[in-house]
Protein chains: 2
Amino acid sequence: MNITIEDVARTAGVSTATVSRALRGLPHVSAATRASITRIALDLGYVPSKSASNLATGRTRTVGVVTPHIAKWFFAQAIEAVEQELRAEGYDVLLMVLPPGPGRQPGAFDPEGLRQRVDAVCVLTVPLTGTELDGLRGLSLPIVFVGGAVSGAMSVRIDDVEVGRTACEHLITLGHRRIAHIGGDPCEPLNFTAPVDRRAGWLSALRVAGIHPDPRTDVVGYFTVEGGRAAMQALLALPEPPTAVFAGSDEMAFGALDALRDAGRSVPGDVSVIGVDDHDLAALFDLTTVAQPVEDQGRSAADLLLAALRGDPTHAQEHKLLPVALVVRGSTGPPA
Amino acid sequence: MNITIEDVARTAGVSTATVSRALRGLPHVSAATRASITRIALDLGYVPSKSASNLATGRTRTVGVVTPHIAKWFFAQAIEAVEQELRAEGYDVLLMVLPPGPGRQPGAFDPEGLRQRVDAVCVLTVPLTGTELDGLRGLSLPIVFVGGAVSGAMSVRIDDVEVGRTACEHLITLGHRRIAHIGGDPCEPLNFTAPVDRRAGWLSALRVAGIHPDPRTDVVGYFTVEGGRAAMQALLALPEPPTAVFAGSDEMAFGALDALRDAGRSVPGDVSVIGVDDHDLAALFDLTTVAQPVEDQGRSAADLLLAALRGDPTHAQEHKLLPVALVVRGSTGPPA
DNA sequence: CTGTTAGCGCGTTCAG
DNA sequence: CTGAACGCGCTAACAG
């Protein structure tokens, strides 16, 4: 049915070992034999069976990418970058979507399922339980976390505290004092630090400015457009609404902007809005935001894994921090 | 290092054959032995080696998903749906991103690479060359195309001619006669019919209405926000700009809306805009659009593959057509 | 430089 | 109901 290495060996009049060596570019093969074998393999349309070579070598040349979403800006961008970088080195990408939070059955993610299946794992800011983390570590494979650091593994991320601080400071500098925060779900399991850190940055900037935040201006947007919209509506319903809003993601900021438009409030006249990400569509909404280099994070993560797979222990515990940048657009301005 | 079936067999005091049968729920195993084996396997943390079982059975329980993008709405949504549906049945998803068009080296996609690697393939509206298609067929695996039909394989898609017609008819009904079209790149290779069909629907609706389109109002937007913006700018530069625009995707429509805003034109006062997709953010832009059920398409595609993998030949040549629906929002209205 | 031999871990006959 | 033995296709160690 499928052409095997033996078919190639037979028609080339050599042994399978020689074919294997020749085709993989190993030394100790005469140029002539190699050429002949290469040609024959091509003619026959020979493709080595991955399963067989996996079995024999113990390596799969596949990397698992664990992510909570695909259809969200950050994740889609990151996955695309990771895939591209890995494929360039001949690695396949096995996708594992792991819906976050309560929707997920405990134990739905059994890292054991990755055993024997991948050579390395890239985890995109998924909230994992301690058990799951331990399981992952137990695989003793190279692991890189993107968007959050975990001790004992490599990571690539941004400084999310700085993100929150930068955003909030921008608003403070503009003269705002009543600055709301739209964040993630505080009930999320641990190890999902980005929302928490961004909020901490917000608080820290406020504190430095001597501002005591009204707890009612700290609301939840679930990192969705809808959540952002609802959160903004809640903020507008306050006796004394904020004059500025820091949304923990551009998607939530989009929702907030929409709620403001529906409510007939002007931006930034009545309310300033700042997000995080520099989403592709942020410019269209004229949204001020704290940009993060998502593709770079994906590429870096892939590179760290590739280095580890190459046997290079240099980066074994590397925690790479990539820079963020304030992008000022029209959605923020001085308070009325 | 890793626990093998033999470890389980040994500590259970049975043969590997029995373990294999017991763990896979095959008959001819006493309830007692099965229970004991299951327990021991669990205790030991035994995970069957996929490579080994692939080698032995010839099946990989993996489906390849070929896509030109990840970070674009349609593809991200579709992949997410496909992955979810397949994983629910225990299949893994191997991601292959195949950048479209000129950016891709000829032969960069060698379907042979999928041989021995996957049990079935899901191709998301990628422009494939004839050679690539033949190669794909040569794998003699179940294949499903999403977003375009190809003879000799299953497919799930929408009627893109109807999409174009629906959009254009909506504009005509509103009273427009000078209706532009922003589409894909006409230089794209074949087998990427959606853009072509949508354009054909546009033309057809115009023809029925007795409208002879100005060729200068048929422009290219490359299915990107930027492309849509540039296309709209070109349209506005015409001596007699259109009063309505049909964009072949919401993302292009977003760009068009932005260009209109920049140019100080009101929507729909000066120009009406309609898109295709019902993108998550379409509502935020108040964009009228022709909605397509992307997740349904993904799920259906996965289901067709699963049926085929189950050995069910019923759908072997099925071409599933899913319905579209006009979603009227505020970006379309009567001409001034 | 090349061939021989032995597994990699599992599924699957075929005997018992 | 269970076990022994073989083979899936390939790589690795060792001879030659």
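Restricted to segment B:181-207, and to residues that are charged (D, E, K, R) and surrounded by fewer than 19 Cβ atoms within 10 Å (Cβ to Cβ), which residue is modelled with the lowest pLDDT? It comes out as B:Glu188.
This table checks each residue for (1) at pLDDT below 90; (2) under 21 Å from A:Asp119 (Cβ atoms); (3) more than 9 Å from chain A (Cβ to nearest Cβ); (4) more than 9 Å from DNA strand D (Cβ to nearest atom).
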{"position": "B:Asn2", "(1), (2), (3), (4)": "yes, yes, no, yes"}
{"position": "B:Asp7", "(1), (2), (3), (4)": "yes, no, yes, yes"}
{"position": "B:Pro48", "(1), (2), (3), (4)": "no, yes, no, yes"}
{"position": "B:Leu55", "(1), (2), (3), (4)": "yes, yes, no, no"}
{"position": "B:Val65", "(1), (2), (3), (4)": "no, yes, no, yes"}
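Here the condition is being touching a residue at least 40 places away in the same chain (Cβ under 8 Å) and surrounded by fewer than 19 Cβ atoms within 10 Å (Cβ to Cβ); of A:Leu309, A:Leu305, it holds for A:Leu309 alone. Reported count of residues in segment A:278-302, each being within 14 Å of another protein chain (Cβ to nearest Cβ), in a helix (DSSP H, G or I) and crowded, with 23+ Cβ neighbours inside 10 Å, is 4. Can A:Arg59 be described as within 14 Å of chain B (Cβ to nearest Cβ), within 28 Å of the chain's Cα centre (by Cα) and within 12 Å of DNA strand D (Cβ to nearest atom)? So A:Arg59 passes the test.
Highlighted here are the helices (runs of 4 or more DSSP H) found entirely within segment B:1-73 that include at least 1 residues which are more than 9 Å from DNA strand C (Cβ to nearest atom): B:5-12, B:16-23, B:31-44.
Annotation: of all residues in segment B:26-43 being over 15 Å from B:Ile5 (Cα atoms) and under 43 Å from the mean Cα position of the chain (by Cα), the one that is surrounded by the fewest Cβ atoms within 10 Å (Cβ to Cβ) is B:Pro27. Here segment B:313-328 is the region considered, the condition is being part of a loop (DSSP other than H, G, I, E, B) and surrounded by 15 or more Cβ atoms within 10 Å (Cβ to Cβ), and the residue that is modelled with the highest pLDDT is B:Val324. Being in contact with a His (Cβ under 6 Å, 6 or more places away or on another chain) and either touching a residue at least 24 places away in the same chain (Cβ under 8 Å) or not in a strand (DSSP E or B) (or both) is a condition met by no residue of segment A:96-103.
For segment A:79-92, state whether one or more residues are assigned to a loop (DSSP other than H, G, I, E, B), under 16 Å from B:Asp92 (Cβ atoms), at pLDDT below 90 and away from DNA strand C (no atom under 16 Å from the Cβ). The answer is no, given that none of the residues of segment A:79-92 is assigned to a loop (DSSP other than H, G, I, E, B), under 16 Å from B:Asp92 (Cβ atoms), at pLDDT below 90 and away from DNA strand C (no atom under 16 Å from the Cβ).
Every residue, every condition in (1) out of contact with any Ser or Thr (no Cβ under 8 Å at 6 or more places or on another chain); (2) more than 10 Å from chain B (Cβ to nearest Cβ); (3) over 29 Å from A:Gly275 (Cα atoms), yes or no:
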site: A:Ala17; (1), (2), (3): yes, yes, yes
site: A:Leu23; (1), (2), (3): no, yes, yes
site: A:Arg34; (1), (2), (3): yes, yes, yes
site: A:Gly45; (1), (2), (3): yes, no, yes
site: A:His69; (1), (2), (3): yes, no, no
site: A:Ile79; (1), (2), (3): no, no, no
site: A:Glu83; (1), (2), (3): yes, no, no
site: A:Phe109; (1), (2), (3): yes, yes, yes
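Going through (1) within 14 Å of chain B (Cβ to nearest Cβ); (2) surrounded by 24 or more Cβ atoms within 10 Å (Cβ to Cβ); (3) without any contact (Cβ under 8 Å) to a residue 60 or more places away in the chain; (4) small (Gly, Ala, Ser) one by one, A:Ala231 falls short only on (1).
Let's see how each residue does on (1) free of Cβ contacts under 8 Å to residues at least 40 places away in the same chain; (2) surrounded by 24 or more Cβ atoms within 10 Å (Cβ to Cβ); (3) out of contact with any Lys or Arg (no Cβ under 9 Å at 6 or more places or on another chain):
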| position | (1), (2), (3) |
| --- | --- |
| B:Thr224 | yes, no, no |
| B:Glu240 | no, no, no |
| B:Gly255 | yes, yes, no |
| B:Asp258 | yes, no, no |
| B:Asp262 | yes, no, no |
| B:Gly269 | no, no, yes |
| B:Ser272 | no, yes, yes |
| B:Val276 | no, yes, no |
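The values are calculated or read from the model by the stated rules, or taken from the named source; none is laboratory data. Source: prediction; values computed, not measured. Positions of Cβ are backbone-derived with ideal geometry, glycine not excepted, and every protein chain shown enters the neighbour counts.
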